[in-house]
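Inspection log for the structure reproduced underneath, given as structure tokens.
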Amino acid sequence: MFIDLRGLTKRYGSFAALHDCTLTIERGEVFGLLGPNGAGKTTLLRLLLGYLSPTAGRATIDGLDCHRQSVEVRRRTSYLPGEVRLFGSMRGRNVLKFFAEIRPGGELRRSLDLADRFELDLSRRVAFMSTGMRQKLALVATLAADTPLLILDEPTANLDPTVRGIVAQLVAESRHQGRTVLFSSHVLSEVEEVCDRVAFLRDGQLAHLQVMHDLKRRHRIRARLAGPWQPPPDPLGQQLVIEREAEGRISIETPGEMAPVLQWLSSMDLQEMNVQPVGLRALYDSVHDLGHG
Amino acid sequence: MINRLLLKKSIAESRLLLLACATAIYAFCWTRVWIVSQFTMIQFQTVLEQFRDYERFSPVPFEQLFTYTGRVALTFDEPIVVGAVSLWAIARGSDCISGEIGRGTMEMLLAQPVSRLQVLWSQTFVTLGGVAILAMASWLGTYSGIMTNSVEEPVVRSWTIPWLQIEIPNWLAEKEVRRIPLSQEVDPGHLVPAAVNLFALGVFLAGLTTMFSSMDRYRWRTIGVIAMIYVTQMITKIVGLASDQLAWLSRLTFFTAYEPERFVSIAMNDPESTWSFLIRDASGVFTDFGPMGYNSLLIGMGLAAYVAASLIFQHRDLPAPL
């Protein structure tokens with residue numbers, strides 16, 4: 001494992017910003033962090049970077065303790081904060097030069113190539129850049145670093161859809177290069193597009209862990225029954241979640257292969273049938289409904 | 001401990017302030033010496049005698065101020081000189097940690113493979129270098145003032161006896177007024193202890209401000225706390241000087257260790273004690289700290305504050321930018 005969290009906890013007095021978080025992330029994985037504001041996502045990332053000292057538990061990256069060996073950890077990590085603030089008096093090019101030079105093995109060429117891809121005007125001072133431009137500049141500085149781990153906290157905030165697309169593309173490229181990416185976002189479609197696994201945080205606790213490949217196989221089928229109901233054969237029936245509603249309406253959720261389900265459904269007289277992937281939105285809602293229940 | 005790029009960044013961020021403070025100090029010190037040269041000693045003496053009742057507030061006896069060296073040394077007690085060094089020390093010290101955190105730039109800075117100590121000490125190197133430059137600017141300002149100005153001195157006319165070359169003063173004749181270079185009256189070397197004392201004050205203030213900066217997230221609050229301490233300490237010194245019963249208060253303020261006029265007086269009247277740590281009376285009993293004693297006290301407390309700042313910053317949680 002590349003990232004290992006064991007009972008990681010951060011308390012401020014009686015308030016637990018993160019509680020007993022245990023999680024492992026493999027090398028080369030794109031891992032998403034989801035949760036509402038105050039769920040503990042940023043606290044988790046700041047603990048990984050050594051900004052905060054854990055109240056209990058331990059976090060390691062590549063076998064290095066995130067708190068005690070913070071500089072070594074950051075040598076292997078490139079981080080984009082959620083609230084990007086750069087040095088206002090510097091010009092864009094100088095910002096990239098600074099971040100390229102401060103890192104051993106950093107290359108300005110790589111940063112400049114990326115800046116071209118984002119169509120960034122590097123001659124402008126940071127103080128005179130728009131919020132979106134600053135975000136792009138910080139993204140370029142972060143993505144250009146040649147590190148095995150990339151931590152992106154809300155990377156697409158303040159960006160237009162075109163640039164969001166480029167970011168998703170660059171995350172996919174990072175995965176192909178074998179880099180590990182930790183991706184925190186509120187934009188579910190982005191997380192769905194780029195992540196291999198997703199952790200849902202709620203009130204500082206790890207509420208649910210989802211493998212995206214499994215989620216993509218999950219579908220919800222809605223239809224209206226025009227004829228008699230035929231119960232599904234075993235073992236298919238044990239895998240399905242079936243809800244029968246008024247006026248013959250049915251809702252079926254399937255966790256796996258569609259073929260046997262469709263074969264069973266073809267034995268009934270159904271109307272107005274539609275099939276949809278379950279998607280992250282539904283899962284997100286259900287995780288948080290559980291919280292209120 | 002010091003990172004070249006962080007050093008470069010810190011210099012780039014602070015060079016305008018340093019240039020402004022150094023220019024102000026240099027120009028003011030030169031002007032202050034020029035003003036000294038515009039008033040004859042008699043004129044100045046007449047004015048100062050009016051304030052004899054307030055001599056206790058003066059760090060040196062008035063007789064010392066009736067010398068050109070004493071009057072030039074007053075420059076180092078002027079609010080502009082002390083203020084410019086304090087401004088630099090407080091501005092840079094407060095920016096060091098709470099400034100970076102408040103602006104949100106610490107987040108990106110510490111995302112890089114640099115230690116917290118590197119961030120702190122790279123800034124500190126620039127701050128202390130700046131304090132040294134400002135102290136040097138104050139001495140250079142007075143030095144060039146001394147070298148480029150002259151003063152009027154009344155001289156008694158005399159008779160010269162031919163062949164014997166003997167001059168006999170003519171007390172009956174009206175005195176002749178001559179302009180003589182100020183450098184004949186003031187040795188710039190005597191002012192070096194004052195500049196060193198100014199440097200020591202800057203180190204102390206920078207260290208103290210950095211210590212408060214290291215535990216805060218708002219620069220304005222750091223500056224507020226330091227301004228409060230500064231004013232309180234100044235009042236403590238004034239009250240200590242004003243009342244014999246409260247003279248002990250003088251021992252509780254760092255301004256007691258900032259006595260440039262007294263150190264210039266020691267350099268002038270007791271050259272052997274110019275760089276002494278302790279001053280003893282004829283029987284060898286300790287009476288007070290010497291110039292280097294007070295300077296060491298200020299620099300020592302400043303460095304202790306820097307060590308405290310390092311420990312605090314290294315162990316504290318870094319708050320998220322607001």
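Before moving on, here are some points about what is shown:
- B:V119 meets all of the listed conditions (1) closer than 19 Å to B:H315 by Cα; (2) more than 10 Å from every other protein chain (Cβ to nearest Cβ); (3) crowded, with 23+ Cβ neighbours inside 10 Å but one, namely (3).
- Neighbours by Cβ (under 6 Å, 6+ apart or cross-chain): first from the stretch B:199-216, over 15 Å from B:M292 (Cα atoms); second of a type in the set (D, E, K, R) and surrounded by 24 or more Cβ atoms within 10 Å (Cβ to Cβ): none
- Scanning the stretch B:229-280 for residues that are within 28 Å of B:E185 (Cα to Cα) and touching a Leu at 6+ places or on another chain (Cβ under 7 Å), we see that the one that is surrounded by the most Cβ atoms within 10 Å (Cβ to Cβ) is B:V264.
- Count of the stretch A:105-133 residues, restricted to those that are within 14 Å of chain B (Cβ to nearest Cβ) and over 16 Å from A:Y79 (Cβ atoms), is 6.
- Unique match (being among the small types (G, A, S) and in contact with a Ser or Thr (Cβ under 6 Å, 6 or more places away or on another chain)) among A:A157, A:A199, A:A172, A:A145: A:A145
- Test: residue in the stretch B:290-308 that is more than 16 Å from the chain's Cα centre (by Cα), surrounded by fewer than 20 Cβ atoms within 10 Å (Cβ to Cβ) and either within 14 Å of chain A (Cβ to nearest Cβ) or part of a loop (DSSP other than H, G, I, E, B) (or both): no
- Matching residues in the stretch B:140-193 - criterion: being closer than 16 Å to B:Q38 by Cα, part of a helix (DSSP H, G or I) and not polar (S, T, N, Q): B:G145, B:I146, B:M147, B:L182
- Helices (runs of 4 or more DSSP H) contained in the stretch B:1-96 and holding at least 3 residues within 29 Å of B:V203 (Cβ to Cβ) and either more than 14 Å from chain A (Cβ to nearest Cβ) or charged (D, E, K, R) (or both): B:4-38, B:68-73, B:79-94
- Which numbered condition A:K97 fails, given (1) among the charged types (D, E, K, R); (2) within 12 Å of another protein chain (Cβ to nearest Cβ); (3) surrounded by fewer than 18 Cβ atoms within 10 Å (Cβ to Cβ); (4) assigned to a helix (DSSP H, G or I): (3)
- Unique residue being at positive phi and outside any loop (DSSP other than H, G, I, E, B) when the list is A:G50, A:G38, A:G32, A:G57: A:G57
- Identity of the residue in the stretch A:7-29, assigned to a strand (DSSP E or B) and under 13 Å from A:I61 (Cβ atoms), that ends up nearest to the chain's Cα centre (by Cα): A:I25
- For the stretch B:28-79, filtering for residues that are charged (D, E, K, R) and either in contact with a Lys or Arg (Cβ under 8 Å, 6 or more places away or on another chain) or free of Cβ contacts under 8 Å to residues at least 24 places away in the same chain (or both) leaves 6.
- Close pairs (6 angstrom Cβ cut-off, 6 or more residues apart or separate chains): at the interface with chain B (Cβ under 7 Å from one of its Cβ atoms) and under 10 Å from B:A111 (Cα atoms) in the stretch A:70-85, not basic (K, R) and not in a helix (DSSP H, G or I) anywhere: A:V71/B:P113; A:V71/B:S115; A:R74/B:P113; A:R75/B:P113; A:Y79/A:L49; A:Y79/A:I151; A:Y79/B:A111; A:P81/A:D153
Each value in this text was obtained by applying a stated rule to the coordinates, not by laboratory testing. Here the structure is a predicted model, which means the values were calculated and not measured. Because the Cβ atoms are built from the backbone with ideal geometry, glycine has one as well, and the counts that use them run over all protein chains shown.
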